[in-house]
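K.L.:
Next up is a structure, given as structure tokens.
The values are calculated or read from the model by the stated rules, or taken from the named source; none is laboratory data. Here the structure is a predicted model, which means the values were calculated and not measured. Cβ placement follows ideal geometry from the backbone for every residue including glycine, while neighbour counts extend to all protein chains displayed. These accessible areas exclude ligands, DNA and RNA; they are computed on the full protein's heavy atoms, side chains included. Shrake-Rupley method; radii C 1.70, N 1.55, O 1.52, S 1.80 Å.
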Amino acid sequence: MLAQTPIWTGPGSTDLADAFERHVPLSRKDRAYFLGVPDTEWLNALRHRAHRDRDPALLELTDRMLLLLADPRAHADFKKQFEEAYEKSLRLAYPVSRALLDEFHRQSGIAQDYTLRCFDRGQLREIEDAAAGDTSMRTFAREMLAKLTAQTKSPRHQVYRSVFDVYSEALLCKLMRERAGGRLRISKISETSQAGPDFQCELDTEMNGEGRTLSFFIEVKSLDIVDAPQRLPEMLDESMDAQIELDRQIEEGQQVAIAAGEISPHRRYGGDAGYDPKSVRLAIENLIQKAAGNFKNAQFGRGPTFALANLLRLPLPGQKAGTLAPFYYDPWMGGACVSGVLWHFAFGEVDAPIHRSPDFEEAGTIDGKLGRAGVLIDQSLGLCTPGLIAFHHDQEAYRFDGFYEERWESREWSWSNVETEAVFEALCGDYNNRENGRAYRYSRGGNRA
């Protein structure tokens, strides 16, 4: 699973969080004053938000908590008052985050839903912070909350999938704006009966010494795990079985309780005797199959439209920078040339030999032949797109990796690889083409710059 962004990423600590820290020694001595629910990160976020937005209701609640912490013994029902104020503050300032936390609590000690664990709560908090002054983020936040709190007969794992799709678009929008440093204007396109892209973008850039504004679109697909409708409840049952086993060991008095569990987003439903979690070829083919089933050429006709595949729920093998090259050198177990997953996702050819890292010295690296063509060269898809962007999490960071056919151009839209590279430089940083023109940067694998 991806690492969580810290809830509080602001400058320094607030007076409320400092007061809470000073209260901790008293709570350890006297359980009557113990506060098990709040934590300093959320207290910092709440206090900062109250002052930033000058929200009277939130200021009153955080001031109330500060007053209670100043002299806990002066309040006979200190714990109840503080926790009520804390709860009201969270639901007022961060209703989506709080509703999601409710979902975690409902499953605590029972099972763990895969999709629910894919949400980055630190990023979600920042989305809600931005929603206070940004129309797009506010719309995303309202839609997530509506889906989370709606009365529905649908299983919760289906609800989480629907919420995650909205969350993903909000996260993409937020992170791309941050990468472009104010040069990107991106807005969500309202859905209509006519197929079309998700986002409309304008990027201020400099080309040949002259300032230009590039107008383009982005079509986003959030790729879920293999056989998601069936596999997600199956994974939930597996998680529950592991929890039952832990509970059994604890009841028997074992000092250390251990239960084996495996998160296998690339495994098929119902068991798969030939499943290999380390297979590079399997990961490539799953990505291609998922993308091919989601991207439709009708969504690419309004103008230059990039295909963006969100892979947060369908993680990659850990290949670091090597994933952008057709092959890269991996020094593990004596060294081997390994096939880059994302490059083949874009440009892999049918029957191309795929290689993996060896499991042990003298083990083979052959991982079979690719059974499907990459999404940018698959003639049956025929995507009319200047490039593919893969959004994923790697080396403790969110990554946008770009891939393009250097000979692609559109006279109708006055677009060529020059414009594509300008977009990738702004939004991706790391990118490659079918000719592997940036091999010098990625073919040795290793960490990214």
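K.L.:
Given the condition within 18 Å of the chain's Cα centre (by Cα) and either under 28 Å from Phe199 (Cα atoms) or crowded, with 16+ Cβ neighbours inside 10 Å (or both), answer yes or no: does some residue in the stretch 78-96 qualify?
P.N.:
Quick first cut of the stretch 78-96, residues within 18 Å of the chain's Cα centre (by Cα) only: 96.
Those still in the list that are either under 28 Å from Phe199 (Cα atoms) or crowded, with 16+ Cβ neighbours inside 10 Å (or both) too: 96.
Within the stretch 78-96, one or more residues are within 18 Å of the chain's Cα centre (by Cα) and either under 28 Å from Phe199 (Cα atoms) or crowded, with 16+ Cβ neighbours inside 10 Å (or both).
K.L.:
I want to confirm something. Restricting to the stretch 401-449 and keeping residues that are among the acidic types (Asp, Glu) and assigned to a loop (DSSP other than H, G, I, E, B), which single residue is most open to solvent (accessible area, probe 1.4 Å)?
P.N.:
Start the filter on the stretch 401-449 by keeping residues that are among the acidic types (Asp, Glu), which leaves 401, 405-406, 409, 412, 419, 421, 425, 430, 435.
Next, from what is left, pick out any that are assigned to a loop (DSSP other than H, G, I, E, B): 405-406, 409, 412, 435.
Numbers: Glu405: 34, Glu406: 37, Glu409: 113, Glu412: 151, Glu435: 113 Å².
Taking the candidates together, the pick is Glu412.
K.L.:
Just checking, does the stretch 376-394 include any residue being on the phi > 0 side of the Ramachandran plot, open to solvent by less than 60 Å² (accessible area, probe 1.4 Å), modelled with pLDDT under 95 and of a type in the set (Gly, Ala, Ser)?
P.N.:
Scanning the stretch 376-394 turns up at least one residue that is on the phi > 0 side of the Ramachandran plot, open to solvent by less than 60 Å² (accessible area, probe 1.4 Å), modelled with pLDDT under 95 and of a type in the set (Gly, Ala, Ser).
K.L.:
Turning to a different aspect of this structure: If I filter the stretch 147-157 for residues that are surrounded by 21 or more Cβ atoms within 10 Å (Cβ to Cβ), part of a helix (DSSP H, G or I) and among the β-branched types (Val, Ile, Thr), do I get at least one hit?
P.N.:
Checked against the condition, which is being surrounded by 21 or more Cβ atoms within 10 Å (Cβ to Cβ), part of a helix (DSSP H, G or I) and among the β-branched types (Val, Ile, Thr), the stretch 147-157 yields no hits at all.
K.L.:
Tell me which residues, restricted to the stretch 296-317, are modelled with pLDDT under 95 and aromatic (Phe, Trp, Tyr).
P.N.:
Answer for the stretch 296-317, where residues must be modelled with pLDDT under 95 and aromatic (Phe, Trp, Tyr): just Phe300.
K.L.:
If you take the residues in the stretch 1-41 that are small (Gly, Ala, Ser) and within 20 Å of Ser89 (Cα to Cα), which one is most open to solvent (accessible area, probe 1.4 Å)? Working first, answer last.
P.N.:
In the first step, residues of the stretch 1-41 are kept if they are small (Gly, Ala, Ser); the result is 3, 10, 12-13, 17, 19, 27, 32, 36.
With the extra rule that they be within 20 Å of Ser89 (Cα to Cα), the set shrinks to 10, 13, 17, 19, 36.
On the way: Gly10: 29, Ser13: 69, Ala17: 2, Ala19: 9, Gly36: 53 Å².
Applying the filter and picking the extreme gives Ser13.
K.L.:
Can you find a residue that is open to solvent by 10 Å² or more (accessible area, probe 1.4 Å) and in contact with a Lys or Arg (Cβ under 8 Å, 6 or more places away or on another chain) anywhere in the stretch 340-349? Talk me through it step by step, then tell me what you get.
P.N.:
Taking the stretch 340-349 first, the residues open to solvent by 10 Å² or more (accessible area, probe 1.4 Å) are 343, 349.
Those still in the list that are in contact with a Lys or Arg (Cβ under 8 Å, 6 or more places away or on another chain) too: none.
Within the stretch 340-349 (the criterion being open to solvent by 10 Å² or more (accessible area, probe 1.4 Å) and in contact with a Lys or Arg (Cβ under 8 Å, 6 or more places away or on another chain)), the answer is no, since none of the residues qualifies.
K.L.:
What pairs come up if the first residue lies in the stretch 384-410 and is touching a residue at least 12 places away in the same chain (Cβ under 8 Å) and farther than 16 Å from Phe424 by Cβ, the second is in a loop (DSSP other than H, G, I, E, B) and of a type outside the set (Lys, Arg), and their beta carbons are under 6 Å apart, counting only those six or more places apart or on different chains?
P.N.:
The qualifying pairs are His393/Leu2; Glu396/Ala3.
K.L.:
Here is a further query. Can you name the strands (runs of 3 or more DSSP E) wholly within the stretch 172-235 that have at least 3 residues being at pLDDT 95 or above, among the hydroxyl-bearing types (Ser, Thr, Tyr) and surrounded by 14 or more Cβ atoms within 10 Å (Cβ to Cβ)?
P.N.:
Working: elements: 184-188, 199-207, 210-222.
In the stretch 172-235, there are no strands (runs of 3 or more DSSP E) which contain 3 or more residues that are at pLDDT 95 or above, among the hydroxyl-bearing types (Ser, Thr, Tyr) and surrounded by 14 or more Cβ atoms within 10 Å (Cβ to Cβ).
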